[in-house]
Amino acid sequence: MEKVSGGFYWIDREVDGLDSPAAGGSMASPATELYVSEATLLERVRQGDCEAFYDLVHPCERGIFLAALAVLNNEADAEEVVQEAILKAFKNLARFRQQAKFSTWLTQITINEALMRVRRDRKHLFESLDEGRDSDNGVYAPREFPDWREIPSSALQRKELRQALLRALTSLPPKLKIVLVLRDIQSLSTAETAASLNITEATVKTRLLRARLQMRDALAPQFDGRWSRVRPKA
Amino acid sequence: VAMSIACEEVLQELSNYIDDEISPELREGIEQHLSWCRNCTITLDGTRNVLRLICDQRAFELPEGLSKRLYSKLQRHLAVQAR
């Protein structure tokens with residue numbers, strides 16, 4: 001199932017089968033497709049249709065996993081946190097007032113769970129995501145890459161580019177990484193991102209600019225047509 | 001007449017420019033600057049390129065079987081609750 005705009009969900013349980021199309025599933029046949037609103041799904045869950053809860057959660061999986069990964073930097077920990085967040089959301093669904101989108105609410109729960117785990121497990125390494133003292137207030141000077149060449153989207157079929165993107169993302173400081181994930185990967189608004197992280201919108205914007213420029217910087221030196229770590233000598 | 005803008009200000013507003021969260025006057029000023037400044041144009045194009053890539057569903061692979069494991073965990077939890 002994919003989430004579509006306007007709070008509507010494209011349900012396709014037959015294909016979902018438990019594996020999303022992105023994970024290798026095939027496209028749905030038209031007969032199995034159905035658009036359902038978030039409100040309808042929530043109502044179904046409240047009436048006891050627990051399967052409907054999975055339909056709400058499934059389109060959020062990518063976003064909440066990457067949000068957890070941004071905080072924790074470890075896939076196994078991120079998966080556990082996502083599982084805990086989903087169960088917590090289910091238990092507390094009565095408290096969800098639909099003032100925000102379900103995906104935003106679930107993201108907030110996931111980030112809180114991830115932060116609690118960092119505080120618990122790696123207290124000495126914990127870096128708060130809140131305002132604190134930002135070392136990133138100054139103007140960031142991007143590196144110059146006069147030979148930057150456009151990387152076409154079709155190149156994402158190549159594993160080495162996907163690995164380079166993941167390396168670039170994980171190389172960002174947590175404060176910047178989580179903002180980039182929420183704004184540019186999960187498409188949260190500036191206000192939603194600020195609320196999720198308990199920071200001001202101005203801080204979201206400052207961090208987003210820096211995160212985007214650093215992502216570009218992190219990818220460009222590797223771009224030699226093969227995204228290898230080492231640039232061949234001219 | 002569009003305002004005259006330095007590279008530093010263009011970079012400072014690059015994100016807002018990409019997100020279309022700036023005034024029409026500032027947009028015009030930035031676009032005029034971009035018309036002659038190669039460095040800022042390269043930075044903007046590269047940043048947009050990276051954003052296009054990371055927005056793509058294929059950019060970051062989820063761990064294999066993640067959906068299935070999440071669903072199974074939820075089912076187990078619901079089964080326990082139903083008892």
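The values are calculated or read from the model by the stated rules, or taken from the named source; none is laboratory data. All values reported here derive from a predicted model rather than from experimental measurement. FYI the Cβ positions are ideal-geometry reconstructions off the backbone, even for glycines, and counts take in every protein chain you see.
Kindly indicate whether A:Ala68 is of a type in the set (Gly, Ala, Ser), closer than 27 Å to A:Arg44 by Cβ and at pLDDT 90 or above. In short, yes. The residues of region B:21-57 that are over 15 Å from the mean Cα position of the chain (by Cα) and of a type in the set (Lys, Arg), listed by number, are B:Arg27, B:Arg38.
Just need a number here: residues in region A:51-90 that are surrounded by fewer than 21 Cβ atoms within 10 Å (Cβ to Cβ), without any contact (Cβ under 8 Å) to a residue 12 or more places away in the chain and facing chain B (nearest Cβ under 9 Å). Here the count works out to 4.
Among the residues of region B:20-37, is there at least one that is within 25 Å of A:Glu144 (Cβ to Cβ), out of contact with any Pro (no Cβ under 7 Å at 6 or more places or on another chain), within 7 Å of another protein chain (Cβ to nearest Cβ) and surrounded by 14 or more Cβ atoms within 10 Å (Cβ to Cβ)? Within region B:20-37, not a single residue is within 25 Å of A:Glu144 (Cβ to Cβ), out of contact with any Pro (no Cβ under 7 Å at 6 or more places or on another chain), within 7 Å of another protein chain (Cβ to nearest Cβ) and surrounded by 14 or more Cβ atoms within 10 Å (Cβ to Cβ). Meeting the requirement of 3 or more residues that are more than 11 Å from chain B (Cβ to nearest Cβ) and surrounded by fewer than 19 Cβ atoms within 10 Å (Cβ to Cβ), the helices (runs of 4 or more DSSP H) wholly within region A:156-224 are A:159-171.
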